[in-house]
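Encoded as structure tokens, the structure appears first; notes follow it.
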Amino acid sequence: MPSACFFLEFSKPLQHPQYRLPRSNIVVTPVFLALALLITCFSPGILAQQPDEASEVTAVIGARAILTDWSDPLAALGTLRANESVTLSSTVTDTVEALNFEGGEKVSEGQVLVRLSANEERADLKVAQTLREERANAVARLARLQQRDLAPLAELEDSRTQLRQVEAQIQALQARLDNYTIRAPFDGVVGTRRISVGTLVTPGSELVTLDDVERLKLDFRIPEIQLGMMAVGLPIVATSNAYPDEVFEGSVSLIDSRVDPVSRSIGVRALLDNDKRLLRPGMLMRVRVARAPRQTLVIPESALVPQGRRQYVWVVRPAENGKAEDGQNKSAPVERLEVEIGSRREGEVEILEGLEEGDMVVSHGGDRLRQGVRVRLIGVVDENTSVSEILDAQRNEESN
């Protein structure tokens, strides 16, 4: 029968005559009251109902310690820039005669983008070309006369000099005409067209932008104290809010030669491939630099059991002969081991000492374990199996 606890109130003396006793016969002390309550409330039957720890079997989820690629990530924010970028402008004053682009399309190096009206310059060029023909004929005629000693040599030399002057004038006119034709200096993508045929442009007027976006430069800054762990060639990954499911990979290509004395940071540049043409110059990117790449032992972060400044894990030891002791569900002993951890990343932790590759650790359910308890693995978490999938399979098995 369950025991009962009786609480007596001693705040007032007993007044009934039949309960009145001499004060010398009863000595009530706090120790006496405490012992009385303990004896009344806890019967030997309850104390005898403690479980046998050696017979307990706790269901847990495990994970193996695996050897994988690891690095110490450094996070930063960066801005994208085109690999090559230019704003083409006019160097002369005239009107737009022809436009060979609409905006947003890819163009090749040397392709004509804008042609300005150059009627006056073309007329001057025709005049100079006609004069060149006249001077060339005069040189030929004087050369024949001079061979027969009918013309002085000095007159022939003056005629040749005048011919060279005209040829130089033609070259100058042709160079001026080139300023009326705007060509793409490299392969790239043109920007939005903001001019039309007939627009009057002056020196410095912006005509079109051109960007090489096959590869993009990603500029970001890191703290000065991280400079020792930064090197050209380190891999990086970058993400953008515009494409939350895309990860863009690249590598560090340049580390600035100076540290900013105000912010105590240094500029770093990385190159990103842009084969899908998703990225645009000027976009804000979240950058993660993979410093000190290495191969290391890794377990799920949920397997750690912190105790003060120390970290422990529950290691599942194989059952003897691989047989189930209860006939159906295989159980195995667990052992608590202290481990030395390194850096962490989302959901994972690096193990420096205490485990070996392939060791099975308890990743979920370790809070219910203690030394001597046996466990039953209901599943193992890996890259192909999640905790939710294991729990769903276990519920389905129990319902069946």
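Numerical summary
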| item | result |
| --- | --- |
| Cβ-Cβ under 9 Å pairs, at least 6 apart or on other chains, region 345-356 side in a loop (DSSP other than H, G, I, E, B), far side of a type in the set (Ser, Thr, Tyr) | Gly347/Ser302; Gly354/Tyr312 |
| Those residues of region 332-351 which are surrounded by 19 or more Cβ atoms within 10 Å (Cβ to Cβ) and either aromatic (Phe, Trp, Tyr) or at pLDDT below 90 (or both), in sequence order | Ala332, Val334 |
| Flag if Arg160 is at pLDDT 85 or above and either β-branched (Val, Ile, Thr) or closer than 22 Å to Thr93 by Cα (or both) | no |
| Unique match (being of a type in the set (Gly, Ala, Ser), at pLDDT 90 or above and open to solvent by 50 Å² or more (accessible area, probe 1.4 Å)) among Ser257, Ser240 | Ser257 |
| Answer from Val361, Val380 - the residue that is under 18 Å from Ser331 (Cα atoms), β-branched (Val, Ile, Thr) and in contact with a Leu (Cβ under 8 Å, 6 or more places away or on another chain) | Val361 |
| Subset of region 70-85 [of a type in the set (D, E, K, R) and over 29 Å from Arg277 (Cβ atoms)] | Asp72 |
| Qualifying residue in region 138-145 (condition: surrounded by fewer than 13 Cβ atoms within 10 Å (Cβ to Cβ), closer than 20 Å to Asn119 by Cβ and free of Cβ contacts under 8 Å to residues at least 40 places away in the same chain) | no |
| Selection status of Gly62, in a loop (DSSP other than H, G, I, E, B) and either modelled with pLDDT of 90 or more or on the phi > 0 side of the Ramachandran plot (or both) | no |
| Meets criteria (outside any helix (DSSP H, G or I), within 57 Å of the chain's Cα centre (by Cα) and more than 30 Å from Leu284 (Cβ to Cβ)) for Glu97 | yes |
| Whichever residue in region 282-310 is in contact with a helix residue (DSSP H, G or I) (Cβ under 9 Å, 6 or more places away or on another chain) and under 18 Å from Leu254 (Cβ atoms) and, among such residues, is most open to solvent (accessible area, probe 1.4 Å) | Arg291 |
| Among (1) assigned to a loop (DSSP other than H, G, I, E, B); (2) open to solvent by 50 Å² or more (accessible area, probe 1.4 Å) - the single one Leu279 does not satisfy | (2) |
| Residue in region 151-172 that is within 28 Å of Leu99 (Cα to Cα) and out of contact with any helix residue (DSSP H, G or I) (no Cβ under 8 Å at 6 or more places or on another chain) present | yes |
| Only listed residue being open to solvent by less than 70 Å² (accessible area, probe 1.4 Å) and more than 31 Å from the chain's Cα centre (by Cα), chosen from Leu369, Leu355 | Leu369 |
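One line per residue, one yes/no per condition, for (1) of a type in the set (D, E, K, R); (2) open to solvent by less than 30 Å² (accessible area, probe 1.4 Å):
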| site | (1), (2) |
| --- | --- |
| Thr58 | no, yes |
| Ala65 | no, yes |
| Glu84 | yes, no |
| Thr87 | no, no |
| Phe101 | no, yes |
| Leu113 | no, yes |
| Ser117 | no, yes |
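The values are calculated or read from the model by the stated rules, or taken from the named source; none is laboratory data. Keep in mind it's a predicted model, so treat the numbers as computed, not measured. Here Cβ is always computed from backbone atoms with ideal geometry, including for glycine, and neighbour counts include all displayed protein chains. Please note that ligands, DNA and RNA were not included when accessible areas were found on the heavy atoms of the full protein model with its side chains. Shrake-Rupley method; radii C 1.70, N 1.55, O 1.52, S 1.80 Å.
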